[in-house]
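Computed from the coordinates by the stated procedures, all read-outs in this text should not be read as laboratory data. Note that the coordinates shown come from a computational prediction; the quantities given were computed from them, not determined experimentally. Cβ placement follows ideal geometry from the backbone for every residue including glycine, while neighbour counts extend to all protein chains displayed.
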Amino acid sequence: MSRPHQKIKNLILHVEQLKDKEFHHEFEESPQVFPIINEMEKKQECEFLKPLKIRLKAFRVRELYEVQGTLRTSIRLPCSRCLKDFDTPMASDFELTYTKEMPGLMDVFDEEEIEVRVEEIGMIYFKGEEINLQQGIQEQVVMAFPLQPLCDENCKGLCPNCGSDLNQGDCGCKREPGSNKFAVLKNLKLDKK
């Protein structure tokens with residue numbers, strides 16, 4: 001096995017393993033193996049508190065290679081309202097479909113066009129006898145991040161005037177109800193015809 005694959009050996013599926021039967025695999029993987037996730041940690045956008053626990057089931061359906069799995073871990077994120085870090089579990093179920101080639105398209109289109117078409121229909125193109133799951137699983141982890149992470153559903157956030165954490169109590173600043181940028185629309189009247 002070549003050196004780069006030793007680092008991500010759990011993320012490499014061999015086509016030979018999927019010829020006649022389902023392949024099941026359960027393992028832990030360091031978040032640093034995934035370039036985008038590693039970059040997010042370096043930028044302090046998140047912190048992984050545990051390795052990723054990944055459970056896979058892979059099988060072949062004609063020329064398609066299906067990978068179904070779950071991933072679990074714990075992460076630390078900054079709250080989108082009060083900016084304090086909080087710990088939360090992360091979990092995701094996923095399905096990935098890999099294909100070597102698109103039957104009938106290989107003669108008509110060049111290789112780059114085929115890759116675009118395969119991605120458009122939700123498949124991941126691979127070459128050779130190995131399927132690298134690194135990119136597909138990395139996308140699933142990134143998509144599992146909450147869009148607006150909250151330390152608590154009732155988080156009051158920060159005062160827009162002084163920046164105090166309103167969860168700790170009122171800061172005493174006057175906050176007028178119309179101080180947000182959409183307040184102008186409050187008195188808008190529309191003609192109903």
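Considering the alpha-carbon set of segment 13-94 alone, what are its Rg and its Dmax in angstrom?
16.3, 53
Please report Phe145, Phe34 as a ranked list, fewest other C-beta atoms within 10 angstrom at the top and most at the bottom.
Numbers: Phe145 15, Phe34 23.
Sorted ascending by nearby Cβ count, the order is Phe145, Phe34.
Mind listing which trypsin sites (Lys or Arg not before Pro) in segment 1-94 are in a DSSP loop and have 11 or fewer other Cβ atoms within 10 Å?
Taking segment 1-94 and a limit of 11 other Cβ atoms within 10 Å, the loop trypsin sites (Lys or Arg not before Pro) found are Lys19, Lys21, Lys43, Arg62.
Under 16 Å from the 7 Å Cα→Cβ point of Gln135, by amide nitrogen: which residues of segment 10-41?
Only 11-13, 34-37 pass the distance filter.
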